[in-house]
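Everything on this sheet refers to the single structure shown next.
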Amino acid sequence: MSKPERPWIVSPHGPIVKHEANLWTVEGKVGGGPITRRMAIVHRRDGSLVFYHPVPLKERALTEVLAWGRPAEVVVGHAAHGIDAMPFARKLGVKIFGPRTDEARMRTRFDMAGFLEDLPKDPDVTFESVAGSKFGEPVEIVRSGERVSLVFCDAIQAHGQSQA
């Protein structure tokens, strides 16, 4: 890792949204600007939590998340989404994973424990790289009983832009 480490910085964020018994999200700002991002949190069958695109939380929200399960891993879709990966890993004691195809860029921003295929197996949550995406960014597939939720990175937005 070559860049100085960013501290845990809590930017404005909304409430925890509980979509399913095992899928929560939090939407927050990036710094003080107009850009928003969304973190997905999945509760695995073993009680551990996997975070997709980490967003530092206010203490009250963080306490609620920690009461829900044991933080285990953070998945970063590609290097540009890893701004808070290291602070998240340090504060919560989690390991960072991402797509193999963006390894070189990600390793310049944060320490990686492995790749998508190295994540612990769970029947309710998997990550698959989106074919044709620029950096191999994954879609998170969350199974909640008979329902399936898909959580994307930039794949939909990026594929909708013209390549002029």
Extension reserve of the residue 20-residue 67 stretch, reckoned as 0.36 nm per residue once the Cα distance is removed: 15.3 nm
When the convex hull of its Cα atoms is projected in every direction, mean area for the chain (nm²): 10.0 nm²
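Counting only DSSP beta bridges with both residues in the chain, tell me the antiparallel percent, nearest 5.
Values: 25 of 35 bridges.
DSSP beta bridges in the chain are roughly 70 percent antiparallel.
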Carbon and sulfur %, accessible surface of region 1-147 computed with the full protein complex present, 1.4 Å: 54 percent
Rounded accessible area of residue 9 (nearest 10 Å², 1.4 Å probe): 70 Å²
Amide proton proximity set for residue 125, modelled H, under 5 Å, gap of 5+: 143
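The values are calculated or read from the model by the stated rules, or taken from the named source; none is laboratory data. Keep in mind the model is a prediction, meaning the values are calculated, not measured. Side chains are part of the model used for accessible areas, which takes the heavy atoms of the whole protein and leaves out ligands, DNA and RNA. Shrake-Rupley method; radii C 1.70, N 1.55, O 1.52, S 1.80 Å.
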